[in-house]
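Novice: Please see the structure below; I have some questions.
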Amino acid sequence: MTDPYEFLAWVNIEVVAAERAMLDGDDGPRRAIWSTQEPVSALGAWRTAVGRTQLVEEFEVLASTFSSCLAYEFDLLSYDVTDDFAYTTGYERIETSVDGVPRAFTLRSTQVYRHEADGWKIVHRHADILS
């Protein structure tokens, strides 16, 4: 699947659903769309992970802090797709509870994807808080 429209449809359906689930306290969907093949890494707004073991730990810890997601919107700024790799950049506008306290914030994020035997998988994420 190297069609850019199919890739963007996957991002808008699967990635958005996984992020919303994470912000509601469930890291399972996010783990499912991340590669199990090394290398993988995340430079997150709260935590950093290198390698699948650290990544899974990061997701579990983050999920335990989030609950009651009211809104998640991904505003795509730019992207590109090749046969095996793709990237997206954009703003993630979020309303959720962090440690039980309602919060609204925006993340600036970049993600890198690798096309694997079972479809697109995320291999790297960098995000920071704008507000």
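Novice: When the dipole is taken about the Cα centre of segment 54-129, and only Lys, Arg (+1) and Asp, Glu (-1) are charged at their Cβ, what size is it in debye, to the nearest 20?
Specialist: 200
Novice: Something else about it: Under 5 Å between amide hydrogens, which residues at least 5 positions from residue 2 or on another chain qualify, with H placed 1.01 Å from N in the peptide plane?
Specialist: Amide H neighbours of residue 2, under 5 Å, 5+ apart: none.
Novice: Take the solvent-accessible surface of the protein heavy atoms, probe 1.4 Å, and return the percent of it on the chain that carbon and sulfur atoms account for.
Specialist: Heavy-atom surface of the chain belonging to carbon and sulfur, 1.4 Å probe: 52 percent.
Novice: Relative contact order, percent, of segment 88-131 when contacts are C-alpha pairs under 8 Å separated by at least 6 residues?
Specialist: Across segment 88-131, relative contact order equals 35 percent.
Novice: Output the relative contact order of the chain, whole-number percent, from Cα pairs under 8 angstrom with separation of 6+ residues.
Specialist: Normalised by residue count, the contact order of the chain is 24 percent.
Novice: Report the net charge of residues surrounding residue 71, where surrounding means a beta-carbon distance below 10 angstrom and charges are Lys +1, Arg +1, Asp -1, Glu -1.
Specialist: 0
Novice: Kindly state, to the nearest 0.05, the FRET efficiency for residue 65 paired with residue 38, given R0 = 22 Å and r defined as their beta-carbon distance.
Specialist: For residue 65 and residue 38, the calculated efficiency is 0.25.
Novice: Let me ask something additional. Nearest 10 degrees, 0 to 90: what angle lies between the long axis of helix 52-65 and the longest principal axis of the chain (Cα atoms)?
Specialist: Taking Cα atoms only, the helix is inclined about 30 degrees.
Novice: Projected onto the charge dipole of the chain (+1 at Lys/Arg Cβ, -1 at Asp/Glu Cβ, origin at the Cα centre), which of 4, 64, 15 gives the Cα projection farthest towards the positive end?
Specialist: About the Cα centre, the residue reaching furthest to the positive side is 64.
Novice: I've got another one for you. Mind listing the long-range amide H neighbours of residue 116? Cut-off is under 5 Å, sequence gap 5 or more, other chains count too, H placed in the peptide plane at 1.01 Å from N.
Specialist: When sequence neighbours closer than 5 places are left aside, the close amide H contacts are 121.
Novice: In addition: Relative to the present Cα-Cα distance, how much length would full extension add between residue 54 and residue 112 at 0.36 nm per residue of separation?
Specialist: 19.1 nm
Novice: Counting only DSSP beta bridges with both residues in the chain, what percent are antiparallel, rounded to the nearest 5?
Specialist: Of the beta bridges lying entirely in the chain, close to 90 percent run antiparallel.
Novice: Rounded to the nearest 500, what is the 222 nm mean residue ellipticity of the chain from helices alone, with -39500 (n - 2.57) per DSSP H run of 4+ residues and division by all residues?
Specialist: Using -39500 (n - 2.57) per qualifying helix, the result is -7000 deg cm²/dmol.
Novice: Residue by residue through segment 121-131, which ³J(HN,Hα) values in whole Hz follow from phi under the Karplus form 6.51 cos²θ - 1.76 cosθ + 1.60 (θ = phi - 60°), with glycine and proline marked x?
Specialist: Rounded to whole hertz, the list is 9, 7, 10, 7, 9, 10, 9, 9, 7, 8, 8.
Novice: Considering only C-alpha atoms, what is the centroid distance from segment 31-47 to segment 63-131, in Å?
Specialist: 11
The values are calculated or read from the model by the stated rules, or taken from the named source; none is laboratory data. What you are looking at is a predicted structure, and each value in this text was computed from that prediction instead of being measured. All Cβ positions, even for glycine, are placed from backbone atoms using ideal geometry, and neighbour counts span all protein chains on display. SASA here: full protein model, heavy atoms, side chains in, ligands and nucleic acids out. Shrake-Rupley method; radii C 1.70, N 1.55, O 1.52, S 1.80 Å.
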